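*Asks:* Below are the structure tokens for one structure; questions will follow.
The values are calculated or read from the model by the stated rules, or taken from the named source; none is laboratory data. All figures in this text were calculated on a predicted structure; none of them were measured in a lab. Quick reminder, even Gly has a Cβ in these numbers, built from the backbone with ideal geometry, and neighbours come from all protein chains shown. With ligands, DNA and RNA removed, areas are computed over all heavy atoms of the protein, side chains included. Shrake-Rupley method; radii C 1.70, N 1.55, O 1.52, S 1.80 Å.
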Amino acid sequence: MRLLDRDIDIREISPLTLAFIGDGVYDLLVREKLVCEANRPVGSLNAEKISIVNCAAQAQAMKSLTEFLTEEELSVYKRGKNAHAMTVPKNARKTDYHCATGLEALFGYLYLKGDIDRLRAIFEITEKTARTKEA
């Protein structure tokens, strides 16, 4: 299940395009989780979201996730991680940025594939890891 019911062959989508959609999916999941936890001021919600949705936190989360991935998922992650991004944000380490891109590619892939149950399961692992790092 996806928000838009349009045909797409995910095998033909580039890893950076998967990361593009995956970034939005991951961001939405984090936002929904935070809003469902408590009704807080938007500034507080945004500050916590930023602490979870960033290259370093996503790279850290990816380290605890690899053992749970299928071969197919690991392949998508590696394609995203190894994709040639033109720029790296100045506040991010290059290695973290590439790991985060791989994670986002995986989220984009699972979303476009319509595998929402698997997307949720992987999100729960990454979100717990990101929160553990904060504490």
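*Asks:* Leaving out ligands and nucleic acids, and using a 1.4 Å probe, what accessible area per residue does the stretch 15-135 come to in Å²? Can you show the working numbers first?
*Replies:* Numbers: 6680 Å² over 121 residues.
Result: 55 Å² per residue.
*Asks:* From Cα pairs below 8 angstrom and at least 6 apart in sequence, can you work out the relative contact order of the chain, rounded to a whole percent?
*Replies:* Numbers: 161 pairs, mean separation 56.2, N = 135.
Answer for the chain is 42 percent.
*Asks:* Could you state the number of Å between the C-alpha centres of the stretch 70-135 and the stretch 1-57?
*Replies:* 11
*Asks:* Next up: From Cα pairs below 8 angstrom and at least 6 apart in sequence, can you work out the relative contact order of the stretch 51-115, rounded to a whole percent? Don't skip to the end; give the middle numbers.
*Replies:* Working: 58 pairs, mean separation 28.8, N = 65.
Rounded, it is 44 percent for the stretch 51-115.
*Asks:* OK, next. Work out the charge dipole of the stretch 5-79 with +1 on the Cβ of Lys and Arg and -1 on the Cβ of Asp and Glu about the Cα centre, then indicate which of I50, Q60, L74 is farthest towards its positive end.
*Replies:* So the residue furthest toward the plus end is I50.
*Asks:* Another one. Do you know the Lys pair count in the chain for C-alpha distances under 19 Å, with sequence separation 8 or more or different chains?
*Replies:* 14
*Asks:* Note the per residue figure in Å³ for the convex hull of the C-alpha positions in the stretch 25-67. If you can, show how the numbers build up before the last one.
*Replies:* Numbers: hull volume 3.2 nm³, N = 43.
Dividing the Cα hull volume of the stretch 25-67 by its residues yields 74 Å³.
*Asks:* Considering only protein heavy atoms and a 1.4 Å probe, what is the carbon-and-sulfur percentage of the accessible area of the chain? Present the calculation step by step, with values, prior to reporting the outcome.
*Replies:* Details: 4500 of 8200 Å².
Within the chain, the accessible surface is 55 percent carbon and sulfur.
*Asks:* Sorted from largest to smallest, which semi-axis lengths in Å does the alpha carbon gyration tensor of the chain give for its equivalent ellipsoid, taking the root of 5 times each eigenvalue? If you can, show how the numbers build up before the last one.
*Replies:* Numbers: eigenvalues 101, 66, 40 Å².
Working from the Cα gyration tensor, I get semi-axes of 22, 18, 14 Å.
*Asks:* Further question on the same structure: Taking 7 Å along the Cα-to-C-beta vector as the label spot, tell me the D27-T95 distance in nanometres, rounded to one decimal.
*Replies:* Placing both labels 7 Å beyond Cα along the Cβ direction yields 2.7 nm.
*Asks:* Taking the Cα centre of the chain as origin and charging only Cβ (+1 Lys, Arg; -1 Asp, Glu), how large is the dipole, in debye to the nearest 20?
*Replies:* Dipole of the chain, to the nearest 20 debye: 500 debye.
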